[in-house]
Each structure stands twice: as C-alpha cells, then as structure tokens.
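Here the structure is laid out as structure tokens; the discussion comes afterwards.
Just so it is clear, none of the values below were taken in a lab; they were calculated from the coordinates. All of these numbers come straight from a predicted model, not from anything done at the bench. Here Cβ is always computed from backbone atoms with ideal geometry, including for glycine, and neighbour counts include all displayed protein chains.
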Amino acid sequence: SRFVASQMTPEIIDTMNVNLQQNNVDFRASGSKVKFAGFTKVYKRGKEKDNLLPELKEGDSAQMVSDDPAQHFTQPPARYTEAALIKTLEENGVGRPSTYAPTLDTIQRRYYVRLVSRHFEPTELGEIVNTIIEKQFPDIVNAKFTADVEDKLDQIEEGKQNWVRVVDSFYQPFSKEVSTAESEVAKIEMKDELAGMDCDICGAPMVVKMGRYGKFYACSRFPECRNTKAIVKDTGIPCPKCGQGTVVERKSKKNRVFYGCSRYPDCDFVSWDKPIGRNCPKDGHFLVEKKIKGGTQVVCPNGDYEEEPQK
C-alpha cells in the first residue's frame, strides 16, 4: 500500500481559521475538510476527521456552543529522519544523490548519531566532535561553505575556474587552522564509567566503554581479561512470543534501536517497535507503541487496530 501510495497524487485539504472577539477577549476556531483524498485512499497515516465550519464573513456574529481553553506551547523542531536529512541537504545545495547514502552511513558508522525510532539522535561522541570542529573550523563547518565549494567544482568541470587557484584558496587558510588545532586541542580521553557489577570471569569491576557500535560493558583488566557484555535496557514487559523472558531494548550494527527477548537465542522474538504488554482486541496480536509526529500511538502491527495518539 505504501509503494502504491508513493506513486499517487498528494492529498488536498481545505483549511479555514476564524478569529472572533468578545469583550476584548480573542477566540479562534479552525476547521479542515479533505477536498481530494489522493494517496490516503490506499495509505492512511492516522485518523482524519473533517472539522467543518459554516460560511462566515467579517462582521458576522456567532454563538458559542463550547470552548476549549487549551494553551499551546512552542515545540522544538523534530529530529531528522533519513528522508528529512536528505531533503535538507538538497535544499542547502550540499552533496549529490550519489553522496547521500555514504553520508548517512558515515555518521552512523562513526557513531556520531544513532537511529532511535527512525530518528537521528546525537551521541556523546558526536556532540564532542561537533563542539571541537565548530570551535576550530568555524568557516568550514557550515552549509554555505560546502555548497560554495561544490559549485566551484562544477565550474572547474565546465572550464570556468582554474582548479589550482580554487584548491589553493581553500588550502592556505585551512592548513593554518589544522596546525593550530593540532597544537591547541588536547587528546580527549573518554573516562570509563563503572558499570556497578563485577566481571563473571575474573571478578574485577566492569566498566562502560565506547566502541564502534556504541557503549558496552568490558572488564577493567583489559587486555588481560577480554570479557565483554552488551548493554541492554530491560522494559519489564513479558515476551509476547515465549512468555518466559522479558522484552529488552537492543541496538543493531547500524545503531538502530530494536526490541527482542531476554532469552535470545532460545527465543527469537524481535520487533522494531516497542511492545506495550497488551494484545489487539481484534486479532490477538501484540500491540506496539509507534512514535508519530508530536507524540506516540498504540497500534496493531497487522494494521487492523489503532488507538488515539498520545502527546
């Protein structure tokens, strides 16, 4: 359904906002109506309800039936998804279609970010690296610089720019910044955090270390003792498949969060969305909690049941 929807015409919605004033108090009413269903005929993102308003013109009087004294707070921008990040790169003229996939792969492989519910979240390592390069290379770490360099490279290809001059104009100031950074920036050591448990093999304290795929438990006597353990977050929810283990939060090699059974490999239960410990009233399948724009929603993975979104 999603594939078919991607080939269809967008949905068209008519919106209407009305401002009313009474005794120096402002009221606002808003309404919407689906004018053309488009792709939502085959792929619905959630419950869509028409909220119709009557035809109004300036100076009309209206009678209040009910009011909703809701206070709306400004929400921070949503975290980037892979698609949103690529769209932003395109809008800023950064990169090309052939470089988008390697860019997304690099920032995850170096553990600058991790995917949590399909959204990128910066890691501790990513924030440290970003702080350093913003301080040491302020002219380079910005979208305009990258877009300008790519534009000059296009001009070189077309014979409008001399590549030696372009490279030299970049390299001369950049080499000085690199020399300054090498002398001023001290090596940053990530201090090991005590894990609060002892090694199963030698009895030494276990510590939290940073690895290629994120944090993990390791013996403090490394390299004498090479005992390691994955860090998992136990949700306390019974496994929907075996009922004996509990659902734990794990990470894939691409740092994407998923949920599995604590009894793995004896139980191979796995889910990208977090189970909530209840079953679907329609087909008995376990329900999961999906993150949507502005909140979460409990749904059945089979698509035949969903609850009202929670903010």
Report task. Highest first, please rank the peptides 256-264, 177-185 by the mean number of other Cβ atoms sitting within 10 Å of their residues. Result -> 256-264, 177-185
Requested in this report: Could you tell me which helices of the chain pass both thresholds, a Cα extent of 15 Å or more along their own axis and a mean Kyte-Doolittle hydropathy of at least 1.0, with helices taken as whole DSSP H runs?
Outcome: none
Report task. Determine the relative contact order of the chain: mean sequence separation of Cα pairs under 8 Å and six or more apart, normalised by residue count, in whole percent. Result -> 8 percent
**Report entry** Cα-Cα separations in the range 2-41 greater than 11 Å, expressed as whole percent
**Finding:** 69 percent
Query - 3J(HN,Hα) from dihedral phi, the range 3-11, Karplus parametrisation 6.51/-1.76/1.60, rounded to Hz, x for glycine, proline - result: 4, 4, 4, 5, 9, 9, 6, x, 6
Query raised in the report: Which cross-chain or sequence-distant (5 or more) residues have an amide H under 5 Å from the amide H of GLN161, H modelled 1.01 Å from N in plane?
Result: ILE156
Query raised in the report: For LYS144, which aspartates and glutamates qualify as cross-link partners when the Cα separation must be under 15 Å and same-chain residues fewer than eight apart are set aside?
Result: GLU90, GLU91, GLU134
Query raised in the report: Setting aside same-chain residues fewer than 8 positions from LYS251, which lysines have a Cα under 25 Å from its Cα?
Result: LYS191, LYS209, LYS215, LYS229, LYS233, LYS241, LYS274, LYS290, LYS291, LYS293
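Just the number, please: Stokes-Einstein D of the chain in µm²/s, Kirkwood Rh from C-alpha pairs, 25 °C, 0.890 mPa s.
97 µm²/s
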Query raised in the report: In terms of the Cα gyration tensor, with a ≥ b ≥ c the square roots of its eigenvalues, is the range 233-299 rounded because a/c is under 1.5, prolate because a/b exceeds b/c, or oblate?
Result: oblate
Query - Interatomic Cα distance distribution for the range 82-184, bins of 10 angstrom, percent - result: 13, 35, 37, 14, 1
